[in-house]
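Novice: There's a structure below that I have some questions on.
The values are calculated or read from the model by the stated rules, or taken from the named source; none is laboratory data. Keep in mind the model is a prediction, meaning the values are calculated, not measured. Note that each Cβ is placed from the backbone with ideal geometry, even for glycine, and that neighbours are counted across all protein chains shown. Ligands, DNA and RNA are excluded from the accessible area calculation, which covers all protein heavy atoms including side chains. Shrake-Rupley method; radii C 1.70, N 1.55, O 1.52, S 1.80 Å.
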Amino acid sequence: MNLELTITPIEDIKADVEIIIVIDNDLNHRFVKDKKLLKKAGFGGEQDETCLLVGVDRLYVGSSSLAGTPIRTAAAKAIKALKGTSYKNIKVATYLVGQKCTNSLRTMVEGFILGGYSFDNYKSKKSKKEIKEIIISLDEYSQRVVDIQKVSSLIEKAQILADATNFTRDIVNTTPADCYPKVMADIAEALAEENGMECNILKPKELKKQNMNTLLAVARASVHTPRVIHLTYKPQNPKFVITLVGKGLTYDSGGLSLKPADYMVTMKSDKSGGCAVLGIMKAVSEMNLEVEVHGFVGAVENMIGGDAYKPDDVLVAKNGKTIEIRNTDAEGRLVLADTLCYAQQEVKADYIFDFATLTGASVVGVGHYTSSVMGQSEKTKSFVVDMAKRSGELATALDFNPYLKKTIKSEIADMSNISNTRYGGAITAGQFLSEFIDKDHIENWAHIDIAGPAFVEHEWGENPHGASGAGVRMMVKLIENLASGLH
Ligand code: BES
Ligand code: ZN
Ligand code: ZN
C-alpha cells in the first residue's frame, strides 16, 4: 500500500473513493457532504459504523473522538469495508487532536495498514490486493495549519510500525510444515541482511556447548532441529541497551502430555513471541532508534516420539538449576529458561523483556484481547502496561506472590515445571521464569504473556482473524520512548 502526502485540498485530488471520518456523530461538519443520503441509509456516525455511498464514491466511518485509538479502529474498519470493491486508490483528509499532538494522524495510517492486512498464502484463489494507494491531504479536520515535514515523518513511522506488525502476522500464520526452527533462523538472517543488523544462529552443536539442555530436551522428538537466534541492532550513540527474548515454538503438540485435539489446533501460533521479537527488530532498525536492541528467539518444535522428553525426567538448565518435569506441555518456560540465561550471558542490558504464548491461564484470566505483564518490579511492569496502552494494545499487570511461588516446589529437584494448584497458572509460570533472571536484571525485567491476543479466530478492532502481531506495537512504543530520552 503506497501512501502519499499532498498539500492539494481534498476536493482537488483525483481518487476512486474518499474516506470521511465522522467525529463524535457530527454530521454537520464541513467534511460531511451527503447528510441526506446518510440519513436515508440510517448512518449515525457511531464508532466503527461505515456507510459506502457508491453513487458518489464516498465512504463514511464513525469515530467517537479525534483520539488515537478510536481513529485507528475507524480507519481499519473503513479499509475493511472497501475490501471486495473495485476501488484502487483512496483520498482522505488529515485528522489531528489537541494543540500539538499529531497522534491521531499516526494511528489513522496504522489503522489503514493493519486493517488492510489479509493472509491468503494458502488460498488457491488469491484476493487481489485491492487498495494500491492512499493520498492524504493536509486539509485538516479542524482547519489547522500542518507542518508537512513533521507529518511526513509521522506517516513514515506509522508505516514502518504497521508493516512490521504485518510481517510478524505473516510468520505466525505460516503453517508448521512451512515454518520450523530453521526457517525462523533463515527469516532472521534475511532480515539482518536487509536492515544492516548482526545475526548469530546457534545450532544443536553450539546449544550443547552452551549447556542449553532444557531447550534441547523439548526439541528432541522433532525431526526439525532447534535454533537459537540472536539479532543485534546497534546504533551509533545508544541511550540504552535492551534485550528481548521470544518463545518460538513453531509447533506445540504438548509432547507426551499430548494436547486434546481441540486444543492442538492453532498451536502453530506458539511461535508468536519469537515472531514479535523479529517484528520489533525490523521496526527499530528501520526507525533508526538510538537504542541498542538484542533480539533472542528460542525456536523449537514440541513433538512426540521414542526419544521424547518425559514427565518424571529431571532436566538441568543452563544456569545449573534442576527441573522436575511433570507435564511436557509446559515446555515454553523450559525453552525460555535456557534462552533467558544465554541472553543474559551475552548481553548486560538496561531492560530485559520476554514475550511468550506461555499459558492458557492468561487467556482464562484476562481474556483474548489482553496481554498479562509480570515481573518483580512494579515500575517496570507499569512502564510496559502504560506503553502498551498508548500503542493501541491491551495489557494488564498480574502480581507475583510468595504463596504461589511455593506451588512450583519439587520434592526431588530445585523446582517443578508445573504448579501443584489448578489456579494462578499465568503467575506461577512467570515466577518459574524469574528463577532464570540474574540479580543484575531482575528489577528491570518483565515477562509478557501474549497467549490471549497473539492469535484470535475472529476479527477484532484493527486485527484480522488469526495472528495479530501482539507485542510489536507495545514494545516499539516503549523503545521509542527510551530513545527520546523521556524515561
Ligand atoms: N502454548 C501453551 C499455552 C497456550 C494455550 C497458548 C492456549 C495459547 C493458547 C503452553 O505451552 C501450554 O501448553 N501451557 C499449559 C501449561 C500447563 C501444562 C501447566 C497450559 O496453559 O495449559
Ligand atoms: Zn505447551
Ligand atoms: Zn507452548
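Novice: Go over the candidates LEU433, LEU358 one by one and state the one that is of a type in the set (A, V, I, L, M, F, W, C), within 16 Å of ligand 3 (Cβ to nearest atom), in a loop (DSSP other than H, G, I, E, B) and in contact with a strand residue (DSSP E or B) (Cβ under 7 Å, 6 or more places away or on another chain).
Specialist: LEU358
Novice: So, THR407, is that one modelled with pLDDT of 95 or more and under 17 Å from VAL364 (Cα atoms) or not?
Specialist: no
Novice: Here's a follow-up. Return the only residue of GLY246, GLY279 being over 29 Å from LYS321 (Cα atoms), away from ligand 2 (no atom under 14 Å from the Cβ) and either in contact (Cβ under 8 Å) with a residue 24 or more places away in the chain or touching a helix residue (DSSP H, G or I) at 6+ places or on another chain (Cβ under 6 Å) (or both).
Specialist: After ruling out the rest, the residue left standing is GLY279.
Novice: To continue, here is another question. Please name all residue pairs, on different chains or six or more residues apart, with Cβ atoms under 6 Å, provided the first residue is in segment 342-368 and is of a type in the set (Val, Ile, Thr) and the second residue is away from ligand 3 (no atom under 15 Å from the Cβ).
Specialist: VAL347/THR243; VAL347/HIS294; ILE352/THR243; ILE352/HIS441; ILE352/TRP445; VAL366/SER372; VAL366/THR396
Novice: Hey, can you tell me all the residues within segment 411-430 that are open to solvent by less than 60 Å² (accessible area, probe 1.4 Å), of a type in the set (S, T, N, Q) and not in a helix (DSSP H, G or I)?
Specialist: Across segment 411-430, the qualifying residues are SER416, ASN417, SER419, THR421.
Novice: Collect the residues in segment 446-463 that are hydrophobic (A, V, I, L, M, F, W, C) and under 23 Å from LEU433 (Cα atoms), keeping them in residue-number order.
Specialist: Across segment 446-463, the qualifying residues are ALA446, ILE448, ILE450, ALA451, ALA454, PHE455.
Novice: Checking the structure you have, find out if any residue of segment 304-325 is in contact with a Gly (Cβ under 9 Å, 6 or more places away or on another chain), within 16 Å of ligand 2 (Cβ to nearest atom) and under 27 Å from ASN481 (Cα atoms).
Specialist: The answer is no; no qualifying residue exists.
Novice: Need the failing condition index for ILE352 against (1) open to solvent by 30 Å² or more (accessible area, probe 1.4 Å); (2) away from ligand 1 (no atom under 13 Å from the Cβ); (3) among the β-branched types (Val, Ile, Thr), just the number.
Specialist: Going through the list (1) open to solvent by 30 Å² or more (accessible area, probe 1.4 Å); (2) away from ligand 1 (no atom under 13 Å from the Cβ); (3) among the β-branched types (Val, Ile, Thr), ILE352 breaks only (1).
Novice: Can I ask one more? Show the residue pairs that are 6+ apart or on different chains and have beta-carbon atoms under 7 Å apart, the first residue being within segment 385-408 and over 17 Å from ILE450 (Cβ atoms), the second being open to solvent by 80 Å² or more (accessible area, probe 1.4 Å).
Specialist: Listed by first residue and then by second, the contacts come to PHE400/GLN376; THR407/ASN420.
Novice: Write out, first by first residue and then by second, each pair whose Cβ atoms fall under 6 Å of each other, whose residues are 6+ apart or on separate chains, and whose first residue, in segment 313-332, is in contact (Cβ under 8 Å) with a residue 24 or more places away in the chain while the second is outside any loop (DSSP other than H, G, I, E, B) and within 11 Å of ligand 3 (Cβ to nearest atom).
Specialist: GLU331/VAL218; GLU331/ASN302; GLY332/LYS247; GLY332/ALA356
Novice: Now for a separate question. Residues to consider are LYS33, LYS39; find the one that is among the charged types (D, E, K, R), at pLDDT 95 or above, open to solvent by 20 Å² or more (accessible area, probe 1.4 Å) and in a helix (DSSP H, G or I).
Specialist: Going through LYS33, LYS39 in turn, the sole match is LYS39.
Novice: Would you mention how many residues in segment 145-184 are modelled with pLDDT under 95, open to solvent by 70 Å² or more (accessible area, probe 1.4 Å) and not in a helix (DSSP H, G or I)?
Specialist: Total satisfying the criteria: 2.
Novice: Only one of these conditions is not met by ALA192: (1) of a type outside the set (Val, Ile, Thr); (2) farther than 21 Å from MET474 by Cβ; (3) open to solvent by 10 Å² or more (accessible area, probe 1.4 Å). Which number is it?
Specialist: Only one criterion is unmet by ALA192, namely (3).
Novice: Let me ask something else. Please go through segment 249-260 and pick out each residue that is more than 10 Å from ligand 3 (Cβ to nearest atom) and buried (at least 24 other Cβ atoms within 10 Å of the Cβ).
Specialist: THR250
Novice: Same structure again: Taking the conditions exactly as written (within 19 Å of LEU478 (Cβ to Cβ), within 16 Å of the chain's Cα centre (by Cα) and open to solvent by 40 Å² or more (accessible area, probe 1.4 Å)), does LYS379 satisfy them or not?
Specialist: The answer is no for LYS379.
Novice: Among the residues of segment 199-218, write down those that are under 15 Å from ALA343 (Cβ atoms), in a helix (DSSP H, G or I) and open to solvent by less than 70 Å² (accessible area, probe 1.4 Å).
Specialist: Passing the criteria: LEU207, THR214, LEU215.
Novice: Further, regarding this structure: Quick check on segment 385-410: of everything there that is over 30 Å from LEU114 (Cα atoms) and of a type in the set (Lys, Arg), which residue is most open to solvent (accessible area, probe 1.4 Å)?
Specialist: Once the filter is applied, the top-ranked residue is LYS409.
Novice: May I pose another question? Restricting the search to segment 413-466, which residues are without any contact (Cβ under 8 Å) to a residue 60 or more places away in the chain and of a type in the set (D, E, K, R)?
Specialist: ARG422, LYS439
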